[in-house]
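As structure tokens, the structure follows; a few thoughts come after it.
The values are calculated or read from the model by the stated rules, or taken from the named source; none is laboratory data. Note that this is a predicted model, so its numbers are computed, not measured. Every residue, glycine among them, receives a Cβ derived from its backbone with ideal geometry; neighbour counts consider all protein chains shown. When the accessible area is computed, the model is the full protein with side chains, heavy atoms only, and any ligands, DNA or RNA have been set aside. Shrake-Rupley method; radii C 1.70, N 1.55, O 1.52, S 1.80 Å.
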Amino acid sequence: MRTPMAYLRGARHPEAFHGRGAGRPFFEGWYVKLVSADRAHRWAVIPGVFRGDGRGDMPADEAFVQVLDGVAGRSWYHRFDPEEFAASDRRFEVRVGGNIFDSDGATLDLPQLRGRISYATALQPWPVTLREPGIMGWYGLVPFMECFHGVVSFGHDLGGALQVEGREVEFGGGRGYIEKDWGQAFPAGYVWLASNHIDAVGVGVGVGGGVTDASLVASVAIIPWLRGSFRGSIVGLRHGGRLYRWTSYNRSRERRLTIDDDRVRWSMAGPDGRLDLEAERVRGGLLHAPLRTAMHQRVEETLDARVMIRHTDAAGRVLWEGVGTCAGLEVFGDTTRLLALR
């Protein structure tokens, strides 16, 4: 059983491990994205651990490393004994078998990827404060939430090379991104979108065209709450050295959310102005995601989506516009119910 002090310490460190003393079911996974400088190689590597509730015919406990080839849409799920998993509850430091992940880089020992990637610049996490411990705001302090989310780094530069299926590929000058989830299970329906390969377009306030260090992460999901549920959203857009937020906890409201076979259109308004997103859906690879009984192969994810981003102020003046590429996109589950909730 986790003590209140241990729980509060965990809330202040979303990048760290939260499973020590947690009940069942429980999962935790870190999403580590690696993109080469020429964007020709795009990989997601996801180390984690799952502890089932004892039902079903799958192993009750397992560690894993998932691999997604974002160019070809291939994916692999590598199982490990739970004893081969270790992680710090105070910092980003994870080991699964011979695979090591921390704030300095990633050492990979997998059939698809082998070698060492270093982080050439410091990680850029979502800010953590006493009142808002990361991207979830005060919801991150609620112990009965089904799923918690954290942004370990909006973006950082890469160094080093990997053996990609036996062929050396240089990742120096590339771009990385890290986020994570933990809790009991993934939401029953959600949309997730992230890109830190964003080219500015047009002319905004103090912003010209061209490649930027901007980054976007956006998620909307069915959130169980007491005896009901609601549609919760958390969106962060970094540009011009500042983080702009549109979230359920900062009085932002959705003006539109539509999902069809080839696009997701999403508009929000809040204290930081208005944000309009339009993401193109493309085919991807299948990843495993946690249910309460097991890790099931059910979530299709791409690293090849494209998203149009438009940030305006309350008067409708354009503050910033950009086009995100190499974007991660997942649309999963009961989207009909998701769209019906408010």
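Being in contact with an Asp or Glu (Cβ under 8 Å, 6 or more places away or on another chain) and in a loop (DSSP other than H, G, I, E, B) is a property that holds for R91. The residues in segment 30-48 that are open to solvent by less than 10 Å² (accessible area, probe 1.4 Å), among the small types (G, A, S) and out of contact with any Leu (no Cβ under 9 Å at 6 or more places or on another chain) can be counted, and the count is 1. Apart from one condition, D261 fits all of (1) more than 20 Å from T302 (Cβ to Cβ); (2) in a loop (DSSP other than H, G, I, E, B); the exception is (1).
Summed over segment 222-258, the residues that are under 15 Å from the mean Cα position of the chain (by Cα) and open to solvent by less than 10 Å² (accessible area, probe 1.4 Å) give a count of 3.
Taking E28, is it closer than 30 Å to A305 by Cα, out of contact with any Cys (no Cβ under 7 Å at 6 or more places or on another chain) and in a strand (DSSP E or B)? For E28, the condition - closer than 30 Å to A305 by Cα, out of contact with any Cys (no Cβ under 7 Å at 6 or more places or on another chain) and in a strand (DSSP E or B) - is met. If you go through segment 57-88 and keep only what is without any contact (Cβ under 8 Å) to a residue 60 or more places away in the chain, in a strand (DSSP E or B) and among the charged types (D, E, K, R), you end up with D61, R79.
Residues of segment 98-135 that are outside any strand (DSSP E or B), open to solvent by less than 60 Å² (accessible area, probe 1.4 Å) and touching a Pro at 6+ places or on another chain (Cβ under 9 Å): W126, G134, I135.
Give, as residue ranges, the strands (runs of 3 or more DSSP E) completely inside segment 155-195 that count at least 1 residues that are buried (at least 20 other Cβ atoms within 10 Å of the Cβ).
Numbers: elements: 167-170, 175-183, 189-195.
Answer list for segment 155-195: 175-183, 189-195.
Among the residues of this structure, R51 counts as one that is in contact with a Phe, Trp or Tyr (Cβ under 9 Å, 6 or more places away or on another chain), surrounded by 17 or more Cβ atoms within 10 Å (Cβ to Cβ) and basic (K, R).
Give the residues of segment 297-312 that are of a type in the set (A, V, I, L, M) and buried (at least 18 other Cβ atoms within 10 Å of the Cβ), sorted by residue number.
Taking segment 297-312 and keeping what is of a type in the set (A, V, I, L, M), we get 299, 303, 305, 307-309.
Of everything in segment 297-312, those that are of a type in the set (A, V, I, L, M) and buried (at least 18 other Cβ atoms within 10 Å of the Cβ) turn out to be V299, L303, A305, V307, I309.
Annotation: of all residues in segment 313-342 being in a strand (DSSP E or B) and in contact with a Gly (Cβ under 6 Å, 6 or more places away or on another chain), the one that is least open to solvent (accessible area, probe 1.4 Å) is W320. Within segment 97-146, the set of residues being over 18 Å from the mean Cα position of the chain (by Cα) and polar (S, T, N, Q) comprises N99, T107, Q112, S118, T121, T129.
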